[in-house]
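What follows is a single structure, written as structure tokens, with notes after it.
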Amino acid sequence: LFCGFLPAKAGERRRAIASDQDADATLIYFESGQRLAKSLADLAELLGPRPAVVARELTKLYEQVRRAPLDALAVHYAEAPPPKGEIVLVISGPLLPEPVSEARLDEALRAALAHASVKEAAQSVAAELGLPKRQVYQRALALAQADGDET
């Protein structure tokens, strides 16, 4: 998603970044060398440690490309002198959550079932782990029945 130049003023820049943060796409910004460190700091704070690239002077003799998570790029450019030339920021879309293992799901459900109904346990675990409620409810039912059979 090409977003153009980030605004120069901090408040406007942060609002622009916030409006782009939920886009399920790679974000592309132009930025000036003088504002790069501040923009990267805002991007890192609002977008988290997404993989990113700072590219300078693309297609030219002195082309430079630096790849790192946003927070590392923010630290680097805060300590370095402002780069010269045309700068393009390319930022990965939102990182996908790591899959939840069946063992982790069962552990969370057993803990929740110890003090809540199947429905309440499934709702809270689904919200906590970011899983579909139906899937978690089905597993909670199976665990509740299995635990009931063992007693």
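Here are the numbers for the structure shown:
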| read-out | value |
| --- | --- |
| Hits in the range 94-136 - residues which are farther than 29 Å from Ala18 by Cα and either in a loop (DSSP other than H, G, I, E, B) or among the small types (Gly, Ala, Ser) (or both) | Ser101, Ala103, Ala108, Ala111, Ala112, Ala114, His115, Ala116, Ser117, Ala121, Ala122 |
| Subset tally (residues that are touching a strand residue (DSSP E or B) at 6+ places or on another chain (Cβ under 7 Å), hydrophobic (A, V, I, L, M, F, W, C) and touching a residue at least 60 places away in the same chain (Cβ under 8 Å)) for the range 2-38 | 2 |
| Arg66 vs. criteria outside the structural domain of Gln145 (by TED's automatic domain parsing), at pLDDT 90 or above, surrounded by 13 or more Cβ atoms within 10 Å (Cβ to Cβ) and in contact with an Asp or Glu (Cβ under 9 Å, 6 or more places away or on another chain) | no |
| Scope the range 87-115; condition out of contact with any Ser or Thr (no Cβ under 7 Å at 6 or more places or on another chain), free of Cβ contacts under 8 Å to residues at least 40 places away in the same chain and surrounded by 11 or more Cβ atoms within 10 Å (Cβ to Cβ); matching residues | Val100, Arg104, Leu105, Asp106, Glu107, Ala108, Leu109, Arg110, Ala111, Leu113 |
| Selection from the range 28-40 of residues that are surrounded by 17 or more Cβ atoms within 10 Å (Cβ to Cβ), more than 8 Å from Leu70 (Cα to Cα) and out of contact with any Ser or Thr (no Cβ under 7 Å at 6 or more places or on another chain) | Tyr29, Arg35, Leu36, Ala37, Lys38, Ser39 |
| Ala112 vs. criteria of a type in the set (A, V, I, L, M), over 30 Å from Thr26 (Cβ atoms), at pLDDT 90 or above and not assigned by TED's automatic domain parsing to the domain that holds Val53 | yes |
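The values are calculated or read from the model by the stated rules, or taken from the named source; none is laboratory data. If you're wondering where the values come from, they're calculated on a predicted model, not measured in any experiment. Don't worry about glycine lacking a Cβ; one is built from the backbone with ideal geometry, like all the others, and counts go over all protein chains shown.
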